[in-house]
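Notes follow once the structure below has been shown.
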Amino acid sequence: MIVLGIESTCDETAASIVKDGQEILSNVVASQIDLHSLYGGVVPELACRKHIDVILPVIDRALKDAGLHSIQDVDLICVAKGPGLIGALLIGINTAKALAFAAGKPWIGVNHIEAHIYAAMMQYIHVLQFPLLGVVISGGHTSLLEISELGSYRLLGQTIDDAVGEAFDKVASMLDLPYPGGPNIEEMAKKGDRHRYPFKAGVVKGRPLDFSYSGLKTSVLYTIKGQNKSKGATTAISEEDKPDVAASFQHHALIDIVNKCQLAIKEYNLHGIVIGGGVSNNQYLRQLFASQIPDVPVYFPPAGLSLDNAAMIAGLGYHQFMKTKTSDSFDLEPMTRIPF
Ligand code: KG4
Ligand code: ZN
């Protein structure tokens, strides 16, 4: 089954062709980083306009890269239905509906967060041993899920304030690093001493699997600005100290995730860990999992599937469609939030 995936939840416009939920024939991503970095973060109105400009050329490119001639060669259209920015979602969903209607093809909406986790499972879907621990770490989510089978999730813990990716982005801004902050912090941290600053991620009383990053973020702010923490204030640290701040922040933000995963695995008797979302791209996190939990299989997304992409949408959408073989209704609306 040849599936077209479409992704437009935030600041990436993406399209991909995936065969039978596993074989990626093309994976095209048009990033808007240059556009938004001017403003230090995603500007929703600009994101929507850019999606409109590029979505059809991106889909065309995905069809061509996969060796297909037209939308008629596709058997199913899958689109991210949320969570995300409302205007951005509308463009992806309306494009999918229009293509499905015009070509007479079935189409379905796919949960972007579920798809992030599927990205790590895609290559192993027929050999994975459930139940698994799903870990969603992105700019909008920090959640632990029990996955009893594909499509069946139970929320075990989540952040009570900032998402971990959001904390990376905010700390990057405090260190005068450009948007998106995560990869820039990771780069800067390579030259730093992670033991220099005794930061700590939050503990939520009575909820050991929940996360909190606002206290950690404030500690970093005080370290950088001293007590005068207004945005324009001069820094209390020197340029040479910055890599140590980046490394200490990164270590404490990420070791907290690894520790809580270890706890969840034991508590719920889970057979492995699948990790998805932009922060899963962090190589230091991968090292931490390997060193701290060496005896549990941990699955990360392969290259190109950590950040927002449409292959994960087409891949998961295939399995979702095969369960009912039913197209979604044209009444389906985008969902800015989808609770687990
Ligand atoms: O999944 P994603 O592309 O978009 C959302 O659905 O949010 O995740 C984006 C987030 C941003 O906060 C970005 O700073 C973070 O993932 N990120 C990273 C890394 N690469 C991206 N955080 C830490 N280390 C990285 N290498
Ligand atoms: Zn995402």
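Which residue, of K242, K323, K260, is in a helix (DSSP H, G or I), among the charged types (D, E, K, R) and either closer than 25 Å to I108 by Cβ or within 16 Å of ligand 2 (Cβ to nearest atom) (or both)? Even if it seems obvious, please write down each step before you answer.
Numbers: K242 fails: either closer than 25 Å to I108 by Cβ or within 16 Å of ligand 2 (Cβ to nearest atom) (or both); K260 fails: either closer than 25 Å to I108 by Cβ or within 16 Å of ligand 2 (Cβ to nearest atom) (or both).
None of the other options fit; the residue is K323.
Yes/no matrix, rows are residues, columns are (1) more than 16 Å from ligand 1 (Cβ to nearest atom); (2) β-branched (V, I, T); (3) part of a strand (DSSP E or B):
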position: C10; (1), (2), (3): no, no, no
position: A14; (1), (2), (3): no, no, yes
position: I17; (1), (2), (3): yes, yes, yes
position: D34; (1), (2), (3): no, no, no
position: Y39; (1), (2), (3): no, no, no
position: A47; (1), (2), (3): no, no, no
position: H51; (1), (2), (3): no, no, no
position: A62; (1), (2), (3): yes, no, no
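If the requirement is being among the hydrophobic types (A, V, I, L, M, F, W, C) and either modelled with pLDDT under 95 or open to solvent by 20 Å² or more (accessible area, probe 1.4 Å) (or both), which of these qualifies: A253, A311, A303, A264? Outline the logic, then answer.
On the way: A253 fails: either modelled with pLDDT under 95 or open to solvent by 20 Å² or more (accessible area, probe 1.4 Å) (or both); A311 fails: either modelled with pLDDT under 95 or open to solvent by 20 Å² or more (accessible area, probe 1.4 Å) (or both); A264 fails: either modelled with pLDDT under 95 or open to solvent by 20 Å² or more (accessible area, probe 1.4 Å) (or both).
Criteria check complete, one pass: A303.
For the range 94-113, give me the residue count where each residue is within 16 Å of ligand 2 (Cβ to nearest atom) and crowded, with 24+ Cβ neighbours inside 10 Å. Can you show your working first?
Start the filter on the range 94-113 by keeping residues that are within 16 Å of ligand 2 (Cβ to nearest atom), which leaves 109-113.
Add one more test, that the residue is crowded, with 24+ Cβ neighbours inside 10 Å, and what stays is 109-110, 112-113.
Number satisfying all stated conditions: 4.
Examine the range 274-284 for a residue that is more than 13 Å from ligand 1 (Cβ to nearest atom), over 26 Å from S31 (Cβ atoms) and either modelled with pLDDT of 95 or more or open to solvent by 10 Å² or more (accessible area, probe 1.4 Å) (or both), and state whether such a residue exists.
Step one: of the range 274-284, the residues more than 13 Å from ligand 1 (Cβ to nearest atom) are 274.
Then keep just the ones that are over 26 Å from S31 (Cβ atoms); that gives none.
Among the residues of the range 274-284, not one is more than 13 Å from ligand 1 (Cβ to nearest atom), over 26 Å from S31 (Cβ atoms) and either modelled with pLDDT of 95 or more or open to solvent by 10 Å² or more (accessible area, probe 1.4 Å) (or both), which makes the answer no.
Which residues, counting only those in the range 124-162, are touching a Lys or Arg at 6+ places or on another chain (Cβ under 9 Å) and open to solvent by 40 Å² or more (accessible area, probe 1.4 Å)?
S148, G151, I160, D161
With D308, D241, D256 as the choices, which residue is under 29 Å from G82 (Cα atoms), among the acidic types (D, E) and out of contact with any strand residue (DSSP E or B) (no Cβ under 6 Å at 6 or more places or on another chain)? Steps first, please.
Working: D308 fails: out of contact with any strand residue (DSSP E or B) (no Cβ under 6 Å at 6 or more places or on another chain); D241 fails: under 29 Å from G82 (Cα atoms).
The match here is D256.
The values are calculated or read from the model by the stated rules, or taken from the named source; none is laboratory data. Just so it is clear, the structure is predicted and the values come from calculations on it, not from any experiment. Please note: Cβ atoms are built from the backbone with ideal geometry, for glycine as well, and neighbour counts cover all protein chains shown. Accessible surface is based on the protein model in full, side chains and every heavy atom, while ligands, DNA and RNA are left aside. Shrake-Rupley method; radii C 1.70, N 1.55, O 1.52, S 1.80 Å.
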